[in-house]
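The values are calculated or read from the model by the stated rules, or taken from the named source; none is laboratory data. Just so it is clear, the structure is predicted and the values come from calculations on it, not from any experiment. Cβ sites come from the backbone with ideal geometry, for glycine too, and all protein chains shown count toward neighbours.
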Amino acid sequence: MSTTPAPYRSNLPAGGGGFLQLLHAEWTKFRTVRGWMVALVVAGLLVVLMAYLATFHHQNFVQAGPGSPVVVAHPFVPLGPSGEAVTDTFYFVHQSLQGNGSITVRLSSLTGLIEQSSGSGSLGQGHSQGSSSQTQARPGLVPWAKAGIIVKDSTRQGSAYAALMVTGAHGVRLQYDYTHDIAGPPAAVSTASARWLRLSRFGDVLSGSESTDGAHWTTVGSIRLAGLPQTVQAGLFVTSPPLVPSRVFASPSASSATAFFDQVSLAGHWPHNTWSGLGVGAGSVGAGTVTPTLGTGGFRQAGDTFAVTGSGDIAPAVGDVGYTPYESLQGVFVGLLMVIVLGALFITAEYRRGLIRSSFAASPRRGRVLAAKALVLGAATFAVGLIAAAIALSLGDRLLRATGNYLYPVSALTELRVMLGTAALFALAAVLALALGAILRRGAGVVAAGIVLFVLPSVLGASYLPTSAEQWLLRLTPAAGYAIQQSLVRYPQVSYAYTAANGYFPLAPWAGFAVLCAYGALALGLAFMLLRRRDA
Amino acid sequence: MRPALHCEWTKLRTVAGPSWLLLATVSLTVALSAFAAASARHAQAGPGLDLTRLSLTGIYLGQAIVAILGVVTIGSEYAFGVIRITLAAVPGRWTVLAAKAVVVGGLALAAGIVAVLGSLLAGRLILPGHGFTVAHGYALLSLTHGPTLRAVAGSVLYFGLIALLSLGVATAVRSSAAAIGIVLGLLYLFPIIAAVVPDAHWQRHLQQIAPMTAGLAVQATANVHSLPISPWGGLGVLAAWAAAALLVGALLLKLRDV
């Protein structure tokens, strides 16, 4: 009688190891393909190189006055009460108001001039002094031309204010401290239908009301300006921002507006009782280059009738005025393209060589294999993206400052969001490509799909595709995720070409990012389902 | 050459992939073109918009599918080792590449004709409804208009050249995924890099040598003189890129083991 020998049993733990071992296995696969590691490093380097290309500008020069030395600097950009960059250029017919009081005017006409487009050079890089008055102009009123009454902390650019105005095409508005805008009745002004405006100060509270006949008044709004001094500058103002062209590549045309005020009546203590005119912002360094102006304006007075002409804007600064962190991250497209190829290869190469069968034999739970791959790939691309973005941002920042360019003030939190968001873009693009790879299993198709989804919407922005169509692509495709890189705020009360090329995206940063995440989740879910159902 | 051609034609004809790619080329090109035309409004665009160019916007997308077709023509043979059988059957390696170029170039041209004419037809049907009428100074899109005919013929040739460029790159790098990455990088990233470079002089030079920007100059029917490169000259630049890629691919195919 012989006993049958006990069958062999492996001493290794059952179940093919835990998730950690799986992660380790996938990391080893990723790490040991030399071409992939080289591609990952090159992707990061290209992002930095592109930051250098994009920010290594010619130096900007400005001259403070006719006799002053020319220095490397940017035109002066005032900061508003809460620290944001603003435009504060207008013609101000003012006098001092002590304590509480009010000013009432009748606005009987508002007309304007628009510079004829002569194909002038790029803005923001010019070093001309002020604005030339020889340029040709045609009659026309821009939609956000503003004329009305204003109470302002001082005549210093960027100081606090509240203004009640009639605009070119947006009716009566009460605006204050640059970023705030309250809409009143939508009517325009003409000699046939004049409009009365009244702005009163009571302590910190300023109230604006308007009337069509000077007898029946409706309140437009009441706002609080904390910290307004006892003596303020108050009076009439006119300004007119550049006309934004409908075409993407055309440059804006400067404009000016002229308003007729009469029946000016004052209440309260106005100690000097004489009006003086001032072109606010006209004497600042590089005036007229940041926001193109048409002349510096002026006023004529006959009794209580005033004709005031002004050009410029009282509004938050947008676009061309300066640069944002987005400028240093133009190379993200190049990096993303390489990361997409990597993500696709990370799984399609296994299908191509049949290695995927070994992977699934070693770890039969296929979803866990996909999860491990996604984690390894996501972490590696996130790390490279983060390092590249950090270097690109600090390099771009330094180069732009050294060449005398203006950088928008950006909070540390926003800068952090842009930096981490860029790294997350890398990771999500790679993982999306990985999921597509698991779905399609063909390298060429996956890479092409990934590149088309992430890069093509931005390429189309420079094509003949209408801007509205581009905006829809940036809402609906994974390219919506680029919104996470936006650091500027879109203001409905400022006309500007709010396009991706200028750093503005149609969705809010986190909303756009959520769209991208949704695509990633959808693709991963579909890949997970197909992996379980299909043969490998 | 004839047996090699017949062989390549049979290979492409008898698998499902290429026909789906050709169908996708046509439908995606026409779809994006129609989307572009449908979102244009005369009230926003004003006078002087290049309607032909607008109607052919879909080529930006269609070329990616044509590039896949060009790449997989040889890339899939490398992936599955069929290339060894092919080269055993037809030992003249340049003959093989030439036959592939003729077949895939011809298919791309055929798809291009349908895609481009379909896009133009979509523009012709959609645009007048959005204010681009004779009353506003816009003529109906028509092939009898010289520059429009040039844009259409040039766009069809553009498709063919993209297929050849992709074939050349894929022959050189032997991997479909890497090849499509290189081709689409060449096409899409050049204009992005050109836009980033702040110097206008360099920007113009980059636009003159970029395969996509130069090649698509042939679509312009208005303000031709303000373009960085002339219409046919631009298509010539793309042809030079395709020829260079094919040449490098042919040399490597000749010199390397498979």
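Key figures
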{"item": "Every residue from the stretch B:212-226 that is surrounded by 21 or more Cβ atoms within 10 Å (Cβ to Cβ) and either free of Cβ contacts under 8 Å to residues at least 40 places away in the same chain or aliphatic (A, V, I, L, M) (or both)", "result": "B:Met212, B:Thr213, B:Ala214, B:Leu216, B:Ala217, B:Val218, B:Ala220"}
{"item": "A:Gly512 being modelled with pLDDT of 90 or more and within 12 Å of another protein chain (Cβ to nearest Cβ)", "result": "no"}
{"item": "Set A:Leu345, A:Leu432, A:Leu407: member being in contact (Cβ under 8 Å) with a residue 12 or more places away in the chain and touching an Asp or Glu at 6+ places or on another chain (Cβ under 8 Å)", "result": "A:Leu407"}
{"item": "Residue within the stretch A:302-316 that is free of Cβ contacts under 8 Å to residues at least 60 places away in the same chain, in a loop (DSSP other than H, G, I, E, B) and not small (Gly, Ala, Ser) present", "result": "yes"}
{"item": "Residues located in the stretch B:75-93, provided they are more than 14 Å from B:Pro3 (Cα to Cα) and assigned to a helix (DSSP H, G or I)", "result": "B:Gly75, B:Ser76, B:Glu77, B:Tyr78, B:Ala79, B:Phe80, B:Val82, B:Ile83, B:Arg84, B:Ile85"}
{"item": "Matching residues in the stretch B:207-226 - criterion: being hydrophobic (A, V, I, L, M, F, W, C) and touching a Gly at 6+ places or on another chain (Cβ under 8 Å)", "result": "B:Ala214, B:Leu216, B:Ala217, B:Val218, B:Ala222"}
{"item": "Some residue of the stretch A:205-225 being surrounded by 18 or more Cβ atoms within 10 Å (Cβ to Cβ) and within 14 Å of chain B (Cβ to nearest Cβ)", "result": "no"}
{"item": "The stretch B:132-145, subset touching a helix residue (DSSP H, G or I) at 6+ places or on another chain (Cβ under 7 Å) and over 12 Å from B:Leu51 (Cα atoms), residue modelled with the lowest pLDDT", "result": "B:His136"}
{"item": "Residue in the stretch B:159-166 that is surrounded by fewer than 23 Cβ atoms within 10 Å (Cβ to Cβ) and touching a residue at least 12 places away in the same chain (Cβ under 8 Å) present", "result": "no"}
{"item": "Looking only at the stretch A:347-369, and only at residues there that are more than 10 Å from every other protein chain (Cβ to nearest Cβ) and under 19 Å from B:Val72 (Cα atoms), the one that is farthest from the chain's Cα centre (by Cα)", "result": "A:Gly354"}
{"item": "Members of the stretch B:180-206 that are in contact (Cβ under 8 Å) with a residue 24 or more places away in the chain, surrounded by 17 or more Cβ atoms within 10 Å (Cβ to Cβ) and either more than 7 Å from chain A (Cβ to nearest Cβ) or closer than 18 Å to A:Ser328 by Cα (or both)", "result": "B:Val183, B:Leu186, B:Leu187"}
{"item": "Condition check for A:Ala43: more than 30 Å from A:Gly283 (Cα to Cα) and modelled with pLDDT of 85 or more", "result": "yes"}
{"item": "Verdict on A:Val62 being modelled with pLDDT of 90 or more, in contact with a strand residue (DSSP E or B) (Cβ under 8 Å, 6 or more places away or on another chain) and either of a type outside the set (A, V, I, L, M, F, W, C) or crowded, with 19+ Cβ neighbours inside 10 Å (or both)", "result": "no"}
{"item": "From the options A:Leu425, A:Leu416, A:Leu460, residue that is within 12 Å of chain B (Cβ to nearest Cβ) and either at pLDDT 90 or above or surrounded by 21 or more Cβ atoms within 10 Å (Cβ to Cβ) (or both)", "result": "A:Leu460"}
{"item": "Qualifying residue in the stretch B:13-30 (condition: assigned to a helix (DSSP H, G or I), at the interface with chain A (Cβ under 10 Å from one of its Cβ atoms), of a type in the set (S, T, N, Q) and out of contact with any Cys (no Cβ under 8 Å at 6 or more places or on another chain))", "result": "no"}
{"item": "Single residue of the stretch A:343-359 satisfying the filter (out of contact with any helix residue (DSSP H, G or I) (no Cβ under 6 Å at 6 or more places or on another chain) and assigned to a helix (DSSP H, G or I)) that is modelled with the lowest pLDDT", "result": "A:Arg353"}
{"item": "Members of the stretch A:226-254 that are of a type in the set (A, V, I, L, M) and either in contact with a Leu (Cβ under 6 Å, 6 or more places away or on another chain) or surrounded by fewer than 19 Cβ atoms within 10 Å (Cβ to Cβ) (or both)", "result": "A:Ala226, A:Val232, A:Ala234, A:Val248, A:Ala250, A:Ala254"}
{"item": "Single condition B:Arg174 does not satisfy, out of (1) crowded, with 19+ Cβ neighbours inside 10 Å; (2) within 20 Å of the chain's Cα centre (by Cα); (3) farther than 23 Å from B:Ala45 by Cα", "result": "(2)"}
{"item": "Lone qualifier among A:Ala449, A:Ala469, A:Ala438 - being at the interface with another protein chain (Cβ under 8 Å from one of its Cβ atoms) and in a helix (DSSP H, G or I)", "result": "A:Ala469"}
{"item": "Set B:Ala64, B:Ala45: member being among the hydrophobic types (A, V, I, L, M, F, W, C), out of contact with any Ser or Thr (no Cβ under 8 Å at 6 or more places or on another chain) and at the interface with another protein chain (Cβ under 9 Å from one of its Cβ atoms)", "result": "B:Ala64"}
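To keep it simple, each residue is scored yes or no on (1) within 14 Å of chain A (Cβ to nearest Cβ); (2) surrounded by fewer than 24 Cβ atoms within 10 Å (Cβ to Cβ).
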residue: B:Thr73; (1), (2): yes, no
residue: B:Glu77; (1), (2): yes, yes
residue: B:Phe80; (1), (2): yes, yes
residue: B:Arg84; (1), (2): no, yes
residue: B:Ala89; (1), (2): no, yes
residue: B:Gly92; (1), (2): no, yes
residue: B:Val96; (1), (2): no, yes
residue: B:Val104; (1), (2): yes, no
residue: B:Leu109; (1), (2): no, yes
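Yes/no matrix, rows are residues, columns are (1) of a type in the set (Ser, Thr, Tyr); (2) closer than 30 Å to A:Ala390 by Cβ:
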| site | (1), (2) |
| --- | --- |
| A:Leu456 | no, yes |
| A:Thr477 | yes, yes |
| A:Ile484 | no, yes |
| A:Ser495 | yes, no |
